[in-house]
Amino acid sequence: SECGEFGVILPSSSFKPLLSMLDGTNEISVVIGAKNISFNTFDSQLHCRLIEGNYPNFKAVIPTSSDIEVKVHKGELVDSVARVGLFANKTTALLKLLINENTMELEGSDVNFSRKANENVKVESNGTLDIGVKGDFFSICLSHIVSDDVILKMNSGNKPIVFADSAEPSKVILVMPMLIN
């Protein structure tokens, strides 16, 4: 029988097996217990333990508008992040993004080993902002952008950066900034 809307939190490791179960099947039954959930098809079963606890409203973290939008070629930004990231502190992986109307300067440094790298990337921006990001996380976010250009939407140095993909406008990717000393 059909039921109404429900919500559960599953471990991320269960999604790949669940998607492979759904491949080519039209019907799936879902049985929700107090601590477990089961997905059943004609020839497969998947049992998962539910994640317990109260989680914050993640939608409250996603900004609904932005003061600053930066359009940049994805390939150039990915390459610059990789090069400059080599010089960033291995513990923090902090990259500074110094944005103005025409360029974004990326800076990675490690004062413990007296090394520093700066690189400029051409951008189109409607404002200026200095913001810090964890280079590894920033690269992961960029890897999920399909189009050639990426639009970074920001409000301030302590609010999330939202990555916009013109090829997939409903996709929401964001990274939390790091404090710059």
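The values are calculated or read from the model by the stated rules, or taken from the named source; none is laboratory data. From a predicted model like this one, the values you see are computed outputs, not experimental measurements. So basically every Cβ, Gly included, is an ideal-geometry build from the backbone, and we count neighbours across all protein chains shown. Ligands, DNA and RNA are excluded from the accessible area calculation, which covers all protein heavy atoms including side chains. Shrake-Rupley method; radii C 1.70, N 1.55, O 1.52, S 1.80 Å.
Of note:
- Residue match in region 28-49 (condition: within 24 Å of VAL175 (Cα to Cα) and exposed (fewer than 12 other Cβ atoms within 10 Å of the Cβ)): no
- Matching residues in region 133-181 - criterion: being closer than 16 Å to ILE68 by Cα, assigned to a strand (DSSP E or B) and among the basic types (Lys, Arg): LYS153
- Unique residue being open to solvent by 40 Å² or more (accessible area, probe 1.4 Å), out of contact with any helix residue (DSSP H, G or I) (no Cβ under 6 Å at 6 or more places or on another chain) and in a strand (DSSP E or B) when the list is LYS90, LYS116: LYS116
- The single condition from (1) under 22 Å from the mean Cα position of the chain (by Cα); (2) surrounded by fewer than 17 Cβ atoms within 10 Å (Cβ to Cβ); (3) at pLDDT 95 or above that ALA60 fails is (3).
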